Each structure stands twice: as C-alpha cells, then as structure tokens.
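Note sheet for the following structure.
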Amino acid sequence: MAKYVDGFVVPLPRKNLPAYRRMARQAAEIWKDHGALEFRECVGEDLKAKMGLTFPRGLKLKPGETVIFSWIAYKSRAHRDRVNAKAMKDPRLTAMGEAKDMPFDSRRMLYGGFKVIVAA
C-alpha cells in the first residue's frame, strides 16, 4: 500500500496533449522500473466546480489550456527519495530533454510530496 505520494498539477495547451501523453508514458516506464508503485496522469474534464478555488482559476489558465493532475505513489518518503534518485540518473530521462523542451510551461507546474493519511 502506498504511504507517500508526489503530486503534480500542470497547465497544458490542449494542442500539446499528444506530446504530453508520449512524455508521460516514457516517464511512467522510468519511475515504475525504479520501483514506483503507481504512476497516474489525468487530464481535466469537469473543471467548472461551483465551490472553492478551481484548478483553472488557481493556475490562471490561458485560452486553449487544460489541467493535468498527476501522482506517483511510493511505499514511504525514503522509498520516494531512492526511486527519484535512480530515475534522475536514468539516461532515458536525460534523453527526454530539458524543461524548456517540455510540452508545458514547467514554471507554472505545482508539485509537492504528501504523506498518505487515508487510504480506503
């Protein structure tokens, strides 16, 4: 069971969804090969909530953009640290390019590590 999760929220130009999907599939393979328990990438579909701060408003989406919501699950924070260290050294990740080559603006990506407090 996952006890730690890295979470990501990314604004993505809709036209870049195919390129993002290809990049995410490659990243998933790398993280899973190095021990991640789960790797999920989700594209926004119902983003017009009537309560709270919506993802589009929080990210200040531009016309033509959507939201990617992602997570990678691990056994623990220490496990996450080991997996990430291996993934960052993996030549497949280096071959994917620099942040400037990504199909999204990495400066607007939200990221954090989270301890799981409820797993149902």
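Checking residue 116 against (1) surrounded by 15 or more Cβ atoms within 10 Å (Cβ to Cβ); (2) farther than 20 Å from residue 15 by Cα; (3) of a type outside the set (S, T, N, Q): exactly one of these is not met. Which one?
(1)
When you look at residue 97, is it under 25 Å from residue 117 (Cβ atoms), surrounded by fewer than 18 Cβ atoms within 10 Å (Cβ to Cβ) and out of contact with any His (no Cβ under 6 Å at 6 or more places or on another chain), yes or no?
no
Cβ-Cβ distance below 7 Å, separation of 6 or more or different chains: which pairs start in region 1-27 with a residue that is over 27 Å from residue 82 (Cβ atoms) and among the small types (Gly, Ala, Ser) and end on one that is in a strand (DSSP E or B) and at pLDDT 95 or above?
Hits for this filter: zero, empty list.
Give the residues of region 94-120 that are under 30 Å from residue 1 (Cβ atoms) and either of a type in the set (Asp, Glu) or in contact with a strand residue (DSSP E or B) (Cβ under 8 Å, 6 or more places away or on another chain) (or both), sorted by residue number.
109, 110, 111, 112, 113, 114, 115, 116 - these are the residues of region 94-120 that are under 30 Å from residue 1 (Cβ atoms) and either of a type in the set (Asp, Glu) or in contact with a strand residue (DSSP E or B) (Cβ under 8 Å, 6 or more places away or on another chain) (or both).
Applying the selection to region 1-18, what residues are over 12 Å from the mean Cα position of the chain (by Cα) and at pLDDT 95 or above?
Listed by number, the residues that qualify are 3, 4, 13, 14, 15, 16, 17, 18.
Return the residues of region 27-46 that are surrounded by fewer than 14 Cβ atoms within 10 Å (Cβ to Cβ) and farther than 20 Å from residue 112 by Cβ; say none if nothing qualifies.
Those that are surrounded by fewer than 14 Cβ atoms within 10 Å (Cβ to Cβ) and farther than 20 Å from residue 112 by Cβ: 29, 33, 45, 46.
For the condition under 19 Å from residue 114 (Cβ atoms) and basic (Lys, Arg), what is the one hit in 60, 75?
Step by step, each of 60, 75 is checked, and only 75 is under 19 Å from residue 114 (Cβ atoms) and basic (Lys, Arg).
Quickly run through region 70-83 and pick out the residues that are more than 17 Å from residue 41 (Cα to Cα) and in contact (Cβ under 8 Å) with a residue 24 or more places away in the chain.
Once the filter is applied, which keeps residues that are more than 17 Å from residue 41 (Cα to Cα) and in contact (Cβ under 8 Å) with a residue 24 or more places away in the chain, region 70-83 yields 75, 76, 77, 79, 80, 82, 83.
The values are calculated or read from the model by the stated rules, or taken from the named source; none is laboratory data. Note that the structure is predicted; figures quoted are calculated from it, not measured. As a convention, Cβ positions derive from the backbone with ideal geometry for all residues, glycine included, and neighbour counts pool all protein chains shown.
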